[in-house]
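Have a look at the structure below, then the notes.
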There are 2 protein chains.
Amino acid sequence: MDINNERLLQYFKQFSAIGATPGGGVHRLALSDEDKQARDLFVELLHDLGAEVKIDDLGNIYGIKQGTNPEAEPVVIGSHLDSVPNGGKYDGAVGVLGALEVLATLVDAETTHQRTLIIVNFTNEEGARFPKPMIASGVLAGVYTTEDMHSLQDESGTTIREELERINYLGAPEHRLTNIDSFIELHIEQGPYLINENAHIGLVQGIHGLSWHDVKFTGKSDHAGPSPMKDRRDAGLSAMHALTRVEDYVLNLQDETRFTTGRFQLAPGVVNAVPGEARFSIDIRHPLNDTLKERIETIQQMIEDEAARRGVKSEMSDLSYMPPVPFSTRLLQAAERITSQKNIDAPQLYSGAGHDAMYMSHLGETLMLFIPSLDGVSHNEQEESRWEDIVTAVDVLGDLVLEQLNR
Amino acid sequence: MDINNERLLQYFKQFSAIGATPGGGVHRLALSDEDKQARDLFVELLHDLGAEVKIDDLGNIYGIKQGTNPEAEPVVIGSHLDSVPNGGKYDGAVGVLGALEVLATLVDAETTHQRTLIIVNFTNEEGARFPKPMIASGVLAGVYTTEDMHSLQDESGTTIREELERINYLGAPEHRLTNIDSFIELHIEQGPYLINENAHIGLVQGIHGLSWHDVKFTGKSDHAGPSPMKDRRDAGLSAMHALTRVEDYVLNLQDETRFTTGRFQLAPGVVNAVPGEARFSIDIRHPLNDTLKERIETIQQMIEDEAARRGVKSEMSDLSYMPPVPFSTRLLQAAERITSQKNIDAPQLYSGAGHDAMYMSHLGETLMLFIPSLDGVSHNEQEESRWEDIVTAVDVLGDLVLEQLNR
């Protein structure tokens, strides 16, 4: 699609200035004053383009360009304008602004299409201010209730509903998306895969499933001096042996399995005490549900075995489970066709992170397009993507959308 | 020495009641009201036995029984009456009360002796309330200054000097111990060695040297989802690999080396972030100075190598170093002779923990006698020693002291 590079850059500059941080990122927490500013600008630009604007009771903003067939289910594109604290200016925004540019191009060319096109900005995707990510698409998918999400509190105890009212974005429940034909989300990769592959765009096959667990090892606390090494039941070293063993196992698999321990603490936690207790988190991911379950089982067994080997007690509790989400094969093939016609190398990959597309896949056929992240860095001010890659991705998005609009 | 089992038991019961906890231990933090109560009782009992009582400017209490030769350097025995929070009733107290019983036995039998006998209670041995252990013997040894120790603060900002004044135990600097013939400290082992050896007493050859370090690994923080396992620079797993490798090395040595990691933390410290930073403590101990230094070097090298292997930066800083303290060979042989005459099996061992004896060895020939700790447990309410072992140890202590008094 022949998009307007200059206009897209203008959009990007305008939004990057809202909540801009000295370090070159943005600080635009969900439903904050900065988020309101970004929302207001988004609505104004939608109006300028002649789109109808609707807000639902979760604060999701929809810009609507009617199709010629009012019976046909709409095609939805977009992402989110909120950021993590001192985050980057690409995460989320690039998907909303790319969608806006596609809309603008269609309006400019006075293109008519069968299906209705909807540009969306989702509320609180990051889960950074209100501690649950993707709440708005989650409610649309029926995974969360409106009441629960409205009463989610930030650290100061302010609820989502209160903030939606304050910034004037508490819309009507009847404006919610229900049936859709398809949802396509453009987003930065937030990982190093595409950059390492020298690619300029990536087609996302689906989202990794994930399983979070809390593990507690209980051994025996001893004085670091008198207790001989061989008599110890050191919960800390026992846990470390278990985790390094699991890492070796996962590295040897050489597949899409991911294993992370992000939290690890010892008790009593003093220099001269053999730790009697270790608590740590594990995060296991894989794109296929059966394999994910197999991995969880194997890893739990390894951890238990390693604890038992040293006379340490292990307890594992489940924190959360999200099954893998495969995206639409039809949309994937369509995107393959378009990129191949344009001679663009477009490797396929899985998303390790969750996105609104995950829940939107409950409503219709879904696909994501990824833009490479320099150094794979994200969720901080150093986050960056090449401008030419963004332009390429919006171009591909436009063609893919146009095809769906007339399908 | 024919000690009075009943009287010793009475002493023990009286002191165990001061600061007694519901769980069967004592909570008698240095210079607290409970510590004052214990001190007052100790002074009263010394007076009852006709001993002269002196208090120095560190609050150390000395009970003095004059010898026939005023020129001869004194023999000193004792330990400490303070405890850790919710500690056990044996740690420290058993050494003070054993010394008191030896004094009482000598007084009862109207025994005269050449050297003066001094029974001592040291201030703040535990370093639990005021965060530096063995401050009083440390000042006597010239390792710490009086000013620094007087201004040590507890968590509420109260200084040692203020508390010494408040509880009326700020004595005169001229009462301090200076030259001594010998110091003998009876103490519980606080480790499992003697219990595992089925012994009833242990002769302590010296105190392990120790070296404390703070280590920081800096890798790269990544999102737990998108970042492939092989591309990560996970500071946490890198540190765990290093520490398990060191543990394997130390276990294989099968010697007196001790290695402990009591503190371990990850940053950013969330479930779904590959940790970019790991901070941990290491505590390395060995009874011989050259070997200790060798171990420190080897272990530091292993840690650096392991970090480098994964492209992780490692920084190690020294927190504290205490050289090993060998005790008096002459006193050790004397104790060996006495136990062997009594047909008591008395294995020799090193103390992994520090004690006032460590600093007292700067002032004269020093030895410690250890009483077995059930399960090796100490510094909590479950701490326990067999009464018959305590009696045996006080008996041996008495004979050893009597021999020194007339040497």
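The values are calculated or read from the model by the stated rules, or taken from the named source; none is laboratory data. All values reported here derive from a predicted model rather than from experimental measurement. Cβ sites come from the backbone with ideal geometry, for glycine too, and all protein chains shown count toward neighbours.
Filter region A:172-196 for residues that are part of a loop (DSSP other than H, G, I, E, B), at pLDDT 95 or above and within 11 Å of another protein chain (Cβ to nearest Cβ) and give the result.
Passing the criteria: only A:E189.
Can you tell me which residue within region B:336-364, out of those that are in contact with an Asp or Glu (Cβ under 7 Å, 6 or more places away or on another chain) and not small (G, A, S), is farthest from the other protein chains (Cβ to nearest Cβ)?
Per the stated criteria, the residue is B:I338.
For every residue, the table says whether it meets (1) among the basic types (K, R); (2) out of contact with any His (no Cβ under 8 Å at 6 or more places or on another chain); (3) more than 7 Å from chain A (Cβ to nearest Cβ); (4) under 20 Å from B:Y350 (Cα atoms).
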site	(1), (2), (3), (4)
B:R232	yes, yes, yes, no
B:L253	no, yes, yes, yes
B:A273	no, no, no, no
B:A278	no, yes, yes, no
B:R285	yes, no, no, yes
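Just one of the numbered conditions (1) part of a loop (DSSP other than H, G, I, E, B); (2) within 14 Å of another protein chain (Cβ to nearest Cβ); (3) surrounded by 14 or more Cβ atoms within 10 Å (Cβ to Cβ) is not true of B:Y169; which one?
(2)
Which condition does B:G24 not pass, out of (1) assigned to a helix (DSSP H, G or I); (2) out of contact with any strand residue (DSSP E or B) (no Cβ under 6 Å at 6 or more places or on another chain), if it passes all the others?
B:G24 satisfies every listed condition except (1).
Among the residues of region A:274-303, how many are touching a residue at least 12 places away in the same chain (Cβ under 8 Å) and surrounded by fewer than 23 Cβ atoms within 10 Å (Cβ to Cβ)? First the steps, then the outcome.
Of all residues in region A:274-303, those touching a residue at least 12 places away in the same chain (Cβ under 8 Å) come to A:274-289, A:291-292, A:295-296, A:298-300, A:302-303.
From the residues that got through so far, the ones that are surrounded by fewer than 23 Cβ atoms within 10 Å (Cβ to Cβ) too are A:276-277, A:279, A:281, A:287-289, A:291, A:296, A:298, A:300, A:302.
Total meeting the criteria: 12.
Can you name every one of the strands (runs of 3 or more DSSP E) wholly within region B:227-335 that holds 1 or more residues which are more than 22 Å from the chain's Cα centre (by Cα) and not assigned by the TED database to the domain that holds B:K132? Lay out the reasoning, then the answer.
Numbers: elements: B:258-260, B:264-267, B:277-286, B:313-322.
Output list reads B:264-267, B:277-286, B:313-322.
Exactly one condition in (1) more than 14 Å from chain B (Cβ to nearest Cβ); (2) in contact with a Leu (Cβ under 8 Å, 6 or more places away or on another chain); (3) touching a residue at least 12 places away in the same chain (Cβ under 8 Å) is false for A:R161; which is it?
(3)
Evaluate the following for B:T244: is it at pLDDT 95 or above, within 16 Å of A:L243 (Cα to Cα) and facing chain A (nearest Cβ under 7 Å)? Steps first, answer last, please.
Working: at pLDDT 95 or above: yes; within 16 Å of A:L243 (Cα to Cα): yes; facing chain A (nearest Cβ under 7 Å): yes.
Judged against the criteria, B:T244 is a match.
Check B:G59, B:G63, B:G92, B:G78 and return the single one that is out of contact with any strand residue (DSSP E or B) (no Cβ under 7 Å at 6 or more places or on another chain), assigned by the TED database to the domain that holds B:I390 and at pLDDT 95 or above.
Numbers: B:G63 fails: out of contact with any strand residue (DSSP E or B) (no Cβ under 7 Å at 6 or more places or on another chain); B:G92 fails: out of contact with any strand residue (DSSP E or B) (no Cβ under 7 Å at 6 or more places or on another chain); B:G78 fails: out of contact with any strand residue (DSSP E or B) (no Cβ under 7 Å at 6 or more places or on another chain).
From the options B:G59, B:G63, B:G92, B:G78, the qualifying one is B:G59.
All but one of (1) in contact with a helix residue (DSSP H, G or I) (Cβ under 9 Å, 6 or more places away or on another chain); (2) of a type in the set (G, A, S); (3) not in a helix (DSSP H, G or I) hold for A:A353, so report the exception by its number.
Here A:A353 meets the rest and fails (1).
Hey, could you check region A:172-204 for residues that are among the hydroxyl-bearing types (S, T, Y) and more than 17 Å from the chain's Cα centre (by Cα) and say which is surrounded by the fewest Cβ atoms within 10 Å (Cβ to Cβ)? Before the answer, list the steps.
Of the residues in region A:172-204, the ones among the hydroxyl-bearing types (S, T, Y) are A:178, A:182, A:193.
In the following step, the residues that additionally are more than 17 Å from the chain's Cα centre (by Cα) were identified as A:178, A:182.
Working: A:T178: 8, A:S182: 26.
This residue is A:T178.
Being aliphatic (A, V, I, L, M), at the interface with chain A (Cβ under 9 Å from one of its Cβ atoms), surrounded by 24 or more Cβ atoms within 10 Å (Cβ to Cβ) and closer than 28 Å to B:S361 by Cβ: is that true of B:I207 here? Give the steps one after another, and end with the answer.
Details: aliphatic (A, V, I, L, M): yes; at the interface with chain A (Cβ under 9 Å from one of its Cβ atoms): yes; surrounded by 24 or more Cβ atoms within 10 Å (Cβ to Cβ): yes; closer than 28 Å to B:S361 by Cβ: yes.
It is true that B:I207 is aliphatic (A, V, I, L, M), at the interface with chain A (Cβ under 9 Å from one of its Cβ atoms), surrounded by 24 or more Cβ atoms within 10 Å (Cβ to Cβ) and closer than 28 Å to B:S361 by Cβ.
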